[in-house]
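K.L.:
Once you've had a glance at the structure underneath, I'll fire off some questions.
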Amino acid sequence: MRLRPLQAKAIDDLRAAYRAGYRAPVLVAPTGFGKTATSCVLIRSAVEKRQRVWFLAHLREILAQTSAKLTAEGIGHGWLAAGQTPAESPVQLCMMQTVVRRLDHLQPPDLVIVDEAHTAVSESYQTILRWAGNAKRLFLTATPERTDGRGLGQVADALVPTCSTQHLIDAGLLAPIRYYAPSRPDLSGVRTVAGDYAQGEVADAMNRPTITGDAVAHYAKLAHGRPCVVFCTNVRHAEDTAEAFRAADYRALAISGESQSEDRDRALRGLADGSLDVVVNCQLWVAGVDCPSIGCVVLLAPTKSVTKYLQSVGRGLRTAPGKTDLIVLDHAGNAYQHGLPTEAREWSLEGVKRRSRAEGDVESVRQCERCYFVFPPAPVCPSCGHEHQPKQTKIQQCDGELEQLTEVKREKRREVGKARTIGDLIQIAKDRGYAMGWVWQMARVKGIKA
């Protein structure tokens, strides 16, 4: 197998981690990096050492794509999954839901590879990993954080980073993103449950004709003819949204975790061969779906989880013949909460540092008031060229002490404006308590090279 330099380095880094005594590293790599191809090298190496390998996932779409890759590389394998005929092989593709019920009849492997590792903290995964005993682990994910915001320290012992999404875009390995936020829902009355919006309440807030109609209209205006995937809050929301697209003469299909396998296969096949314009899904295609033809992602599911957000957008990032870019239509306000998908992020086994909203903090994204394009803060919209006028800041009165906030913010902007190097920006970030993501964001805006 011919690896790209970053993939070869990832393998070297993983092997170094194992040599250093780590038993469960996480390979952190964006969509399109080639995590499966990278793991194939380790699988082949393990087989040559007569070791048994399990490739473990929770979606059959992931296992099907992995099977195709292993077959292309000449690596034989069997299946531990419902509906599959067992076969003797040192490599087994394992459906988590099936394996957890058969542990009493199985022999532990020497290496367990877990794809979409941000899901690996469920009780079923934990049961399998405990049963596997001293087997080495390898976790694969673009977002090493649970959907409730906590890290993967419960199952992993090291992070092995690779590169950023923007790096792969710059290298031509992922599609550039054009990001629009035509509307921003009012979620002020929606409760938070288990780290995210309460499902029933956010569904009520989003499943409204005005929001759905706006989504269909902006798709027709900005992305007509592009294979599109829409993310909704629940099954009813997905079905209603699909019906709205069909009413506008688009060929649309709604799918969810409740859908039959035939419908899920038809959805993927339809976007690939052009027999469907839009697939509307509910909590199904957040991970594991590889459909390069997707040219538009519509977000109708607000989330407090940066993992859900990035994984959703990631479904459309792969390149394909004739595909020039990915259009994201964010009607859920996710960019305002998490920043743009290309924003640099600091990951850790404890979880990602939350975005600051302190007074005086530099805004992360700006929306063009004319075309709704969302971009890193800049005076001119890079999409339509509209020049934005600075907002006037009001004077705030606190217990008799009058503070001129406008001047405070001006001084902060002047300080950032004087920065000429990454080191200057890092010092400002340290002084103000900003995350490192702010440094890389401002470096891109100012054109400072690392």
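K.L.:
Need one number: the % of Cα-Cα pairs in region 170-355 sitting beyond the 30 Å mark.
P.N.:
Taking all Cα-Cα pairs of region 170-355, the fraction more than 30 Å apart is 14 percent.
K.L.:
Report, for the chain, the % of DSSP beta bridges that are antiparallel, rounded to 5.
P.N.:
About 20 percent, rounded to the nearest 5.
K.L.:
A follow-up question, please. Local charge sum around ALA175 (other residues, Cβ-Cβ under 13 Å, Lys/Arg +1, Asp/Glu -1)?
P.N.:
Local net charge: +3.
K.L.:
Normalised by the number of residues in the chain, what is the relative contact order in percent for Cα pairs under 8 Å and 6+ residues apart?
P.N.:
Value for the chain: 15 percent.
K.L.:
Same structure again: What is the calculated FRET efficiency for GLN389 to GLN427, with r their C-beta to C-beta distance and R₀ = 45 Å, to the nearest 0.05?
P.N.:
0.90
K.L.:
Please report the equivalent ellipsoid semi-axes of the chain, computed as sqrt(5 x eigenvalue) of the Cα gyration tensor, largest first, in whole Å.
P.N.:
38, 28, 20
K.L.:
Relative contact order of region 170-355: what whole-number percent is it, with Cα pairs under 8 angstrom and at least 6 residues apart?
P.N.:
Once divided by the residue count of region 170-355, the mean separation gives 29 percent.
K.L.:
With just the Cα atoms defining each centre, how far is region 291-344 from region 250-264? Give it in Å.
P.N.:
For region 291-344 versus region 250-264, the Cα centre distance is 20 Å.
K.L.:
What percentages, rounded to whole numbers, describe P(r) for region 142-267 computed over all alpha carbon pairs with 5 Å bin width beginning at zero?
P.N.:
With a bin width of 5 Å, the distribution comes to 2, 8, 13, 15, 16, 18, 16, 9, 3, 1, 0.
K.L.:
Based on the alpha-carbon gyration tensor of region 5-163 and its eigenvalue square roots a ≥ b ≥ c, which shape applies: rounded if a/c is under 1.5, prolate if not and a/b is larger than b/c, or oblate?
P.N.:
Rounded shape, in that the Cα axes give a/c under 1.5.
K.L.:
Tell me the mean residue ellipticity at 222 nm calculated for the chain from its helices only (DSSP H runs of n ≥ 4, each -39500 (n - 2.57), averaged over every residue, nearest 500).
P.N.:
Mean residue ellipticity at 222 nm (helix-derived): -11000 deg cm²/dmol.
K.L.:
Within a Cβ distance under 14 Å of ASP115, other residues only, what is the Lys/Arg minus Asp/Glu net charge?
P.N.:
+1
K.L.:
Here is a follow-up. Sort out for me the Cα centre separation of region 113-185 from region 1-50, rounded to whole Å.
P.N.:
15
Every read-out reported here was derived from the displayed coordinates using simple, explicitly stated rules and does not represent laboratory data. Everything quoted here is computed from the prediction, not taken from an experiment. Cβ: placed from backbone, ideal geometry, glycine included. Neighbour counts: every protein chain shown.
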